[in-house]
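The values are calculated or read from the model by the stated rules, or taken from the named source; none is laboratory data. Because the structure is predicted, anything quoted here is derived from the model rather than measured. FYI the Cβ positions are ideal-geometry reconstructions off the backbone, even for glycines, and counts take in every protein chain you see.
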Amino acid sequence: MKAKLLNYLRYIFVGLIVAMFMFPIVWVIMLSLKPPEYNFTIPPSFIFPPTLRHYWWSLVDPGYYNKHIYNSIILSSVATVMAIALSAPAAYAFSRFGFKLKNFLMGWYLGLYLAPPIVFLTPYYFIMKSLGLIGTYPAIWIAFQIFSVPLGVWLLKNFFDEVPRELEEAAMLDGCGRLRALIHIILPVGAPGFIITALFIFVFCWNNLLFPMALGGPEVKPLTLSTMEHFRMIGVTWNYIATGSVFIMTIPAIIFIIFRRYLVRGLMLGAAR
Amino acid sequence: MQKKAIVAIIAVVVIIIAGVAAWLLMAPPTPITPTEKVTIRVLALQDPFWFPLNDLIPEFEEKYGIDVVFEGVSYYEVRLRAVSAFLAKSPDIDVVVVDQMWVAEYADAGWLLPLDDLIKRDREEVKPDDFIPEIVHALSEWRGKIWTLPVAAYGQLVMYRKDVFDELGLRHPPKSFKEDYEWWTWDKYLEYVKTIHGKTINGVTFYGTVEVGQQPAPIVHKWTQYLIGMGGKWFERFPEAPWNFEVKIHEKGKDALKLFLELYKYSPPESIEYFWFDAGVRFGKGDIGILLWWTPYCYLIKQPEYMVPGVSAVVGKYDVALPPHPEGWKVGDHPIMSIGGWSLGINPYSKHKEEAWKFIKWATSFETQKKMGLLKGDWGEYQFSDFVRYSLYKDPELLEVYPWLPTQLEAWKVGNGKISRPMIPLYFTLEGILGRYLNDAMAGRITVDEAFEGILKEFNTALKQNFYLPEYAGPMFDDTIEYVADHLKKLAKG
Amino acid sequence: MLKESKYPYFLVLPSLIFLILLTIYPLFYALYYSFHYWVIGSPVIFIGLDNYYFVLTNPLFINSLIITLKFSGIVVAIQLLLGLAIALGVSGIKRGQGLICALLIMPMSVAPVIAGIIFRYLYFKGTGVVHYFLSLLGIPLPPEGILGNPDTAFWGLVVTDVWEWTPFISLIILASLLSVPSDIVEAARVDGASSVKIFRHITLPLIKPTLFIAAMLRFMQAYNTFDIVYVETGGGPGTTTQTLSHYLFYEGLVYYRLGYASALTLIIFLIAIVVINIYLKFTIFRGGE
């Protein structure tokens, strides 16, 4: 039957796509397990005696990446919470109200996302220096907001838009205050949207390189920086880059896998209407 | 019902405030101890010197009772953080590692503490006349003062496969100027590269050499070695006074580029995108006949991966020799070797200048550098021979492990870092221009003449826009190696 | 609509204050120095609009602008089309959709810098898997390697960016596909409409807003592409892959031509705003959001 063939093709297509996109990731995982002699063989080696010594170096002795993993987590999670706290009210306002400066403000928020990040580096250094925050977590948490809040506002606004106004209007007609309506009605329905927004903001903070480079110090160095340091002018240690990359990929992946129900549920939000 | 919500919110806020207050109050008071332990922060990068030095830091901390935060970050981060700190007049960094061409910039901006007085004061310990003048000239001195102490110095030497040379009956290049060196010209070098290219020995098909084409910096490092090796220079007169920045780079530059393009023909074609380390790694793979490159590669090629223990394919099969020279050249004619490397400087805004100075003295001392050369770590073994002091080149233990030290020592005499890559603040812009055109020529997109047309035009624009032409607007200094040698001797005498 | 005229402003205020504080100083800093000559070690000299003139007449700037616009346009187009195809494919899969989504989000969670390093490793001549397999398939590859050849280096970067972001785009499109009311689709199918017709007349109009927004967001990111250029090609060979961000990085943080770089920053920003505005007008007229 035509439908069955189509379905077959669909599965093959998706399977191929997933394989192609996963391949570099799998390859990097392999690189992290290869003895250095196998890094650059001709032809590239798929079969090799795997070794854990690079992970040993990364996590145990000298445990090079431990602090950086911790830093990345702290930097990204707190920044995400801050961003959500700041952008949620604004997103709600943009979604539910029409007010004079609305379009201008929305455009301005979006425009910030366009600014080349480099322009912020030196001025932020000065600001943080005068606040005495260079090399501390708060400096980077604050700096991350410059792209997290615009992103958060836009994503959350779209998710709020998908929640029908009638829900809270009905609640308020019943005598609820707006705040209560928000907490009891909107939040539960919009929770998947919050979670997805938080996840995306988290990933963007997690992947960020420039702000920690400019404002940070050794105590707050995240994974992106420390992995990239192995790519030096005078020599590259690929296996350590590979282990660092694996750590960089794994933690958001784990979070996404944990929250995958919300991923799908958030995506299904509209269909449930 | 609404009241409950308000009460709940207020309660939460009160709890949070109470918690923060408690945390603040209960934080231990800053101890006022009679002897405060000083911590100094050193901002460095992970060039080969960093690894053994990092392993030796505990010794320093033990000996002097000073805690050290010894950072090894990426190249651009070193620059970004140092410049940001200087611009903000921040004491956050005490010792900063300085690349060869940054010294002029930082010194002119007042971002380094001049070290002459400190060197004179501690001359017994520092032994200034033990430093090799050519190195100090290239890495540490600007406008007559010494701003940093060199910690790792790089020259450029020839690494060649002695087994391949023997197999093909080629004469080994000279390791000393006391030998017969007149025959080792650029023409001979090219001839050897051609001879080796394409031959199959023990199952391996060889490339004559390996070039480096990544722009902007790697290709310029390679090409300026050819430039200076042929007696070329960038400007009419620099660094000897009076400075005249009329562009002369094309005079010998065209020949240097022609040679470079010829050599590229006998090099793996992908080397057009090679970074510094790619060339070294490639040589270590075992299919390259000759490599003329920075001296750290003399030892780096022993391990297949940077700072990871292992044995490459060329261990025991290669030797190191002097760089080639133009026909008819004699020692003393003009410099033929590029000099680069790293030095350590003190942040003038640092709050621990004495401790920073102690660190610099220790890191550049004979004892420490010898230990660095002999150290084994989880990064491998015997991975540092970028010595800056005469005494280190004469040490028997080091000579045993790094047999090319006598060659390296002699090569300094014919090197000049300020001619091959002028240490002017505009250097990076000019390097960027060069990198583009050289790379384009390497890719065959423009001819040699077109390349230099473009280079000259852009050089002149940049020099004019930055007040170097028609007349240099700033103060000048007669910057010669003789001056530096003299100066070091004076400091040694006190 | 509920009218409380002051209420929304209070809601917006916290984020607004934060962002104003974070943008005012950099803006004035850049503005001030854009009118001055300043490099490390030099005094700060007022030169009026000279920097702007230098930027706009600099062939390097024009070159990087063209390359950036070309790059952004191409990757966004590919990501939209490919993302749409993937989303359509995945939307029909009942089992394991969650797992597939979680897997597909992974490329995005690789930092662009790391993706650049990974792909550099994959493109190596001989030892890189991509190069090796392409040569096995008989595809002619330049002798200098994928990243060493001016024609292919650009596409090497395109592939890296496509790899990193297509799954993300496909998930966004998937989200809006799933929000298409199934009853309408069912009704149309019952009426005998073909899948293609359904897609063209029902699905596509409904997901258009999402497509436009996704394209816009992605374009804004691609416009500022820096990490992968820095690691994979250094802007080369020559200047064939130098994006605006990369060019700015060199002028600002390597050469430290701070005056020139400040003017360059503002120009880059202005161009972006103009492009986005044109895009928004274009999509609004076409019946977008």
* Structure fact -> Taking region B:388-408 and keeping only residues that are touching a residue at least 40 places away in the same chain (Cβ under 8 Å) and under 18 Å from the mean Cα position of the chain (by Cα), one is left with B:Val388, B:Arg389, B:Gln408
* Structure fact -> Out of (1) in contact with a Gly (Cβ under 6 Å, 6 or more places away or on another chain); (2) buried (at least 23 other Cβ atoms within 10 Å of the Cβ), the one C:Val90 does not meet is (1)
* Structure fact -> Among residues of region C:93-124 being under 30 Å from A:Arg232 (Cα atoms) and not hydrophobic (A, V, I, L, M, F, W, C), the residue surrounded by the fewest Cβ atoms within 10 Å (Cβ to Cβ) is C:Pro107
* **Unmet criterion (only one of (1) of a type outside the set (A, V, I, L, M); (2) free of Cβ contacts under 8 Å to residues at least 12 places away in the same chain; (3) within 13 Å of another protein chain (Cβ to nearest Cβ); (4) surrounded by fewer than 23 Cβ atoms within 10 Å (Cβ to Cβ)) for B:Gly110** => (2)
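Residue-wise test of (1) facing another protein chain (nearest Cβ under 10 Å); (2) crowded, with 19+ Cβ neighbours inside 10 Å; (3) over 30 Å from B:Tyr264 (Cα atoms); (4) in contact (Cβ under 8 Å) with a residue 24 or more places away in the chain.
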position: C:Leu147; (1), (2), (3), (4): yes, yes, no, yes
position: C:Glu164; (1), (2), (3), (4): yes, yes, yes, yes
position: C:Ile172; (1), (2), (3), (4): yes, yes, yes, yes
position: C:Ser182; (1), (2), (3), (4): yes, no, yes, no
position: C:Val185; (1), (2), (3), (4): no, no, yes, no
position: C:Val196; (1), (2), (3), (4): no, no, yes, no
position: C:Met220; (1), (2), (3), (4): yes, yes, yes, yes
position: C:Val229; (1), (2), (3), (4): no, yes, no, yes
position: C:Pro237; (1), (2), (3), (4): yes, yes, no, yes
* Is there a residue in region B:46-60 that is within 7 Å of chain A (Cβ to nearest Cβ), over 13 Å from B:Thr368 (Cβ atoms), among the hydrophobic types (A, V, I, L, M, F, W, C) and in contact (Cβ under 8 Å) with a residue 24 or more places away in the chain? -> no
* Asked: Would a scan of region A:5-14 turn up a residue that is within 25 Å of C:Leu136 (Cα to Cα), away from chain B (no Cβ under 14 Å) and surrounded by 12 or more Cβ atoms within 10 Å (Cβ to Cβ)?
  -> yes
* For residues that are touching a Gly at 6+ places or on another chain (Cβ under 7 Å) and facing chain C (nearest Cβ under 9 Å), scanning just region B:412-437, find the one that is nearest to B:Glu236 (Cα to Cα). => B:Pro425
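So that you can scan it fast, the table gives a plain yes or no per residue for (1) closer than 29 Å to B:Phe86 by Cβ; (2) within 28 Å of the chain's Cα centre (by Cα):
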residue: C:Pro14; (1), (2): no, no
residue: C:Ile20; (1), (2): yes, yes
residue: C:Ile24; (1), (2): yes, yes
residue: C:Ala30; (1), (2): yes, yes
residue: C:Ser34; (1), (2): yes, yes
residue: C:Leu49; (1), (2): yes, no
residue: C:Val75; (1), (2): no, yes
* Please specify each residue of region A:191-207 satisfying the condition of being closer than 20 Å to C:Ala111 by Cβ, of a type outside the set (A, V, I, L, M, F, W, C) and assigned to a helix (DSSP H, G or I). => A:Thr197
* When residues of region A:211-266 are limited to those that are small (Gly, Ala, Ser) and assigned to a helix (DSSP H, G or I), the one nearest to A:Ile142 (Cα to Cα) -> A:Ala214
* Only one of A:Leu86, A:Leu75 is at the interface with another protein chain (Cβ under 10 Å from one of its Cβ atoms) and either assigned to a helix (DSSP H, G or I) or under 28 Å from A:Ile255 (Cβ atoms) (or both); which? -> A:Leu86
* Under the condition of being free of Cβ contacts under 8 Å to residues at least 60 places away in the same chain and within 12 Å of chain B (Cβ to nearest Cβ), which residue from region A:20-39 is surrounded by the fewest Cβ atoms within 10 Å (Cβ to Cβ)? -> A:Glu37
* Given (1) of a type outside the set (S, T, N, Q); (2) over 30 Å from C:Gly156 (Cβ atoms); (3) within 14 Å of chain B (Cβ to nearest Cβ), where does C:Ile93 come up short, assuming only one miss? -> (3)
* Mind checking whether some residue in region A:147-168 is assigned by TED's automatic domain parsing to the domain that holds A:Ile74 and closer than 19 Å to C:Asp227 by Cα? -> yes
* Taking helices (runs of 4 or more DSSP H) that fall entirely within region B:383-445, which contain at least 3 residues that are of a type in the set (Ser, Thr, Tyr) and under 30 Å from B:Met307 (Cβ atoms)? -> B:390-393
* Considering only region B:194-225, state which residues are touching a Phe, Trp or Tyr at 6+ places or on another chain (Cβ under 6 Å), closer than 15 Å to B:Asn439 by Cα and assigned to a helix (DSSP H, G or I). => B:Pro218, B:Trp223
* Kindly provide the set of residues from region C:125-145 that are more than 13 Å from chain B (Cβ to nearest Cβ) and among the aliphatic types (A, V, I, L, M), ordered by number. => C:Val129, C:Val130, C:Leu134, C:Leu136, C:Leu137, C:Ile139
* For region B:248-292, what are the residues that are among the β-branched types (Val, Ile, Thr) and surrounded by 22 or more Cβ atoms within 10 Å (Cβ to Cβ)? -> B:Ile272, B:Val281, B:Ile288, B:Ile290
* Take A:Phe120 and decide whether it is in contact with a Cys (Cβ under 8 Å, 6 or more places away or on another chain), surrounded by 20 or more Cβ atoms within 10 Å (Cβ to Cβ) and closer than 18 Å to C:Ile20 by Cα. => no
* Please state which one of B:Asn460, B:Asn439 is surrounded by fewer than 21 Cβ atoms within 10 Å (Cβ to Cβ), touching a residue at least 12 places away in the same chain (Cβ under 8 Å) and under 23 Å from C:Thr239 (Cα atoms). => B:Asn460
* Only one of (1) over 18 Å from the mean Cα position of the chain (by Cα); (2) touching a residue at least 12 places away in the same chain (Cβ under 8 Å) fails for C:Leu84. Which number is that? -> (1)
* Scan region A:75-98 and give yes if some residue there is farther than 22 Å from A:Ile201 by Cβ and at pLDDT below 85, otherwise no. => yes
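Condition check ((1) farther than 19 Å from B:Leu263 by Cα; (2) at pLDDT 90 or above) across all residues:
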{"residue": "B:Leu430", "(1), (2)": "yes, yes"}
{"residue": "B:Ile433", "(1), (2)": "yes, yes"}
{"residue": "B:Asp440", "(1), (2)": "no, no"}
{"residue": "B:Arg445", "(1), (2)": "no, no"}
{"residue": "B:Val448", "(1), (2)": "no, yes"}
{"residue": "B:Ala451", "(1), (2)": "no, yes"}
{"residue": "B:Gly454", "(1), (2)": "yes, yes"}
{"residue": "B:Lys457", "(1), (2)": "yes, yes"}
* Structure fact -> Apart from one, (1) assigned to a helix (DSSP H, G or I); (2) within 27 Å of the chain's Cα centre (by Cα); (3) more than 8 Å from chain C (Cβ to nearest Cβ) all hold for A:Tyr64; the odd one out is (1)
